[in-house]
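Below is one structure, written out as structure tokens, with a few remarks after it.
Each value in this text was obtained by applying a stated rule to the coordinates, not by laboratory testing. Please read all numbers here as calculations on a predicted model, not as lab measurements. Neighbour counts run over all protein chains shown; Cβ positions are idealised from the backbone, glycine included.
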Amino acid sequence: MLIIIVTFLASALLTALVRRYLLRRQVLDIPNRRSSHSVPTPRGGGLSIVVVFLLTVLLFMRRGTISTSLGFALIGGGLLVAVGGFLDDYFRVPARLRLLIHFAAAGWALWQLNGTGPLHLGWIIWDLGWVGQLLALVGLVWMINLYNFMDGIDGLAGLEALCASASAGLLLAWSGLGGMAESALALAGASAGFLVWNWPPAKIFMGDVGSGFLGFVFGVLAISSANERPWLVWPWLILLSVFIIDSILTLMRRMITRARWYEAHCSHAYQHAARRWNSHLKVTLAIAAVNVAWLFPLALGAYVWPAVGPLFAVVALAPLVYTAFRYDAGQDSSVTEVPCSVAVDSLQLWIALGTPRGTPSPSSEGSHRHVKI
């Protein structure tokens, strides 16, 4: 419990300092045609999560709370992802270079963890050999990117990190993996501290430095814990399934419909929901409720009865697949929605009112305004 409090306070304080720095340097997220916000807002606040969590991991390594292999995997790969994300927030890094960084980070982590173990399929343990290692590499890179894709409305990525890491921390503790449990709880505290400033209406955005890092850490903790307890792969899948389902279905649907899936867009299910509900807060809270009331009990069931873990995963994911289609994941704005480009019109109006380009945006005073649908 103490680790959550300490990391929460440290992250909240550091986020405030990072926000002040970003405002002074004008590192702002300018609304574009896929944005869900309408006022330039500081971008890169996830740096506080990175610093607080990695310092905690370093402390755990020195104390022997976690293995050196896990610590080096998190620190080495995490720094690669975070630095690449920070540079992208600041200068915009080419997509191919970002992908190369992600593969390097994933490869480093898997090397430190001695790869991934056999796949637990209920009553069957299946060793996939080199195919399994390749799938783990691609899966870890996908986790880095999907978390970035899902960081599109206020509070969502931070609250998802809080729910998933706190729930995973409990399951890891009950599994006897105390060091990993403390690491997950430290991540929960750091995410909660960032949420103080990212809660709707957000005063700062997480940025690629934080979103990619969170996806990487979740992937590494999942692989490391599954190497120790193979059946934990199913609780991890369940806990992260909101982000996994929305991102995968959105990508698949855009590829099938021959949309430019490789370009930025605003067609995720959660983005459609935010426009239909005219609220970031409602969507964020709804997804948090799904995590707490639906996914955690099923993840607990998969932990308690590992032989039927895949069945619990199917039960957990089926309603999420339906909901993603219900909210048009992968499709552009429907006729009942105002398109994302309204944010651009709102920005143009804001500039037309005479606000000097170099002055802090209204969001710096906590008046972050979202598109009214």
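Tabulated results
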item	result
Filtered trypsin sites (Lys or Arg not before Pro), the range 42-108: DSSP coil and at most 11 other beta carbons within 10 Å	R92
Helix 178-198 axis, angle to the chain major axis (alpha carbon atoms, nearest 10°)	10 degrees
The range 11-89: radius of gyration over Cα atoms, expressed as a fraction of 2.2 N^0.38 Å	1.34
Percent RCO, i.e. relative contact order, over the range 46-108, from Cα pairs under 8 Å lying at least 6 residues apart	34 percent
Residues of the range 100-142 with amide N under 17 Å of a point placed 7 Å along Cα→Cβ from E228	110, 112-118
GNM result for the chain, Cα springs below 10 Å: residue of L187, L214, L170 fluctuating most strongly	L170
Angle in degrees between helix 280-290 and the longest Cα principal axis of the chain, rounded to the nearest 10	10 degrees
Gyration tensor verdict on the chain (Cα atoms; rounded if a/c is under 1.5, prolate if a/b is larger than b/c, oblate otherwise)	prolate
Nearest 10 degrees, 0 to 90: helix 241-256 Cα axis against the chain principal axis	70 degrees
Ascending count of other beta-carbon atoms within 10 Å, so fewest first, for S241, S267	S267, S241
Selection of chymotrypsin sites (Phe, Trp or Tyr not before Pro), the range 238-307, meeting DSSP coil and at most 14 other Cβ within 10 Å	Y262
Selected from P306, P31, P94 as most flexible by GNM, with the chain as the system and alpha-carbon contacts under 10 Å	P94
Max mean-square fluctuation residue, GNM over the chain, Cα-Cα springs under 10 Å, options F216, F205, F149	F149
